[in-house]
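The values are calculated or read from the model by the stated rules, or taken from the named source; none is laboratory data. No experiment lies behind these values; they were computed from the predicted model shown. Glycine gets a Cβ as well: all are built from the backbone with ideal geometry, and neighbour counts include every protein chain shown. Surface accessibility is based on the protein's heavy atoms, side chains included, excluding ligands, DNA and RNA. Shrake-Rupley method; radii C 1.70, N 1.55, O 1.52, S 1.80 Å.
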Amino acid sequence: MERTLESIRQDFDRDLANAASSADYEQLKVAYLGKKGRVTELFKELKNVEPSQKKEAGQLINTLRAEVEEKLAAGAEKCRQAEEERLVNEAEAYDFTRPAEAEQGSLHPITLVQREVEEIFASMGFTIEDYLEVVDEYKNFESLNIPKHHPARDMQDTYYLDNGQLLKSHTSAAQNAIMRKYGAPLRAIFPGRCFRNEATDASHENTFFQMEGIMIDTDISISNLIYFMKTMLSEVFHREVKVRLRPGFFPFVEPGFELDISCLICGGDGCPTCKQSGWLELCPCGMIHPNVLTAGGIDPEKYTGFAFGLGLTRLAMMKYGIKDIRTLNSGNLKALSQFTAR
Ligand code: DAH
């Protein structure tokens, strides 16, 4: 019995030395400790051993089994570590400074237009501000001279959260915070995503982009407003754009206007995008209402200012000839990547 034990031990040590992978260890385990494994078989042979030596023989087999189990476990663990290390080393061979081989993405048409307009206004001394998408009613309405229950709120139905906040329905919602942040004099533009509870069609979306601008100083008048808007639009379209000013009502400006540009898709003949009118409402604007200045901590006796709310989404449609506003939020890369100069 002892000799058998010794020869099994030697065979095992030899086999163990040759084991190189987890699979090898698994095989060894079956060969020695499995149901018909060599160590297991030894137990079955105990019945042939002299009763007086049974106890000792049993202990010897148990010792061998423990030894085999321990060596197998240690070897398998070493092997697992080595395999893991190899994987890590292979991963390190990955060069993360190498340029991507896949096709590069493209900027969204609205981002392109936004950046262009930002550059134009920055060159005229305007600072560019970012603002929240979730705001309270005060920011979206009250600070803009739209008290509770004022009918002007109906036109800006948006999405309300359970906590009473809402998704901002216009970039004007940032006016108050920006006035308070900088005080007067002030020149700022603030692009942003806006939301409305809208029935969607070719020219209406529930999520769209505006770019608001305000300029506040002593002696600011409507002629300043017209000058800045004309300069900006001619730059964007690389030509003189036909514009018209109509009176428009917005509680936060007095007087208020609608600035329209001739529809560049149909040339003014009328199409679904311009609702057959030949004009696209592009930019409502006006002189900031004294109540709004006061709410922003600016003295309306000393300062005046203009504000405009440029429809960035509409501007992108005009510039790139996009007929349906829904294309912009569609995620349809085939359509969206066309407008991008790489
Ligand atoms: N916030 C208005 C809207 O989304 C647009 C607007 C009108 C902005 C007049 C202005 C403004 O700054 O002066 O309907």
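Annotations
- Among M232, S221, F250 the positive-end extreme of the charge dipole of the range 213-304 (Cβ point charges): M232
- Rounded to the nearest 10 Å², the accessible area of C79 at probe 1.4 Å: 10 Å²
- Test item: Cα-centred dipole of the range 289-340, Lys/Arg +1 and Asp/Glu -1 on Cβ, debye: 420 debye
- L167 - accessible surface, heavy atoms, 1.4 Å probe, Å² rounded to 10: 40 Å²
- Dipole magnitude of the chain about its Cα centre (Cβ charges: Lys, Arg +1; Asp, Glu -1), debye to nearest 20: 540 debye
- Added length on full extension, which subtracts the Cα-Cα distance from 0.36 nm per residue, S330 to E137: 66.5 nm
- Nearest 10 degrees, 0 to 90: helix 2-18 Cα axis against the chain principal axis: 30 degrees
- With DNA, RNA and ligands ignored, accessible area of E6 (1.4 Å probe; Å², nearest 10): 80 Å²
- Convex hull volume of the range 1-150 per residue (C-alpha atoms, cubic angstrom): 322 Å³
- Among the listed pairs K36/K71; K44/K71; K275/K319; K148/K168; K148/K275, those beyond 25 Å (Cα-Cα): K148/K275
- Here the scattering of the range 249-338 is modelled by Debye summation over its C-alpha atoms, one equal scatterer each and no solvent; at q = 0.14, 0.17 Å⁻¹ the log10 of I(q)/I(0) is -0.64, -0.77.
- Stretchable slack from E70 to C271, in nm (0.36 nm times residue separation minus alpha-carbon distance): 64.1 nm
- Averaging 1/r over every pair of different alpha carbons in the range 22-81 and inverting the result gives a Kirkwood radius of 12.4 Å.
- When the charge dipole of the chain is built from unit charges on Cβ atoms (+1 for Lys and Arg, -1 for Asp and Glu) and taken about the Cα centre, the candidate among Q165, F126, P109 whose Cα reaches farthest toward its positive end is P109.
- Across all directions, the average flat footprint of the convex hull enclosing the Cα atoms of the chain is 30.3 nm².
- Distance from the Cα centroid of the range 132-185 to that of the range 1-73 is 80 Å (rounded to whole angstrom).
- Label zone (D24, point 7 Å along Cα-to-C-beta; backbone nitrogen cut-off 16 Å) within the range 66-87: 71-84, 86.
- Whole-Hz Karplus values for the range 287-297 come out as 8, 4, 5, x, 5, 6, 4, 4, 4, x, x Hz, taken residue by residue from phi with 6.51 cos²θ - 1.76 cosθ + 1.60 and θ = phi - 60°; glycine and proline positions read x.
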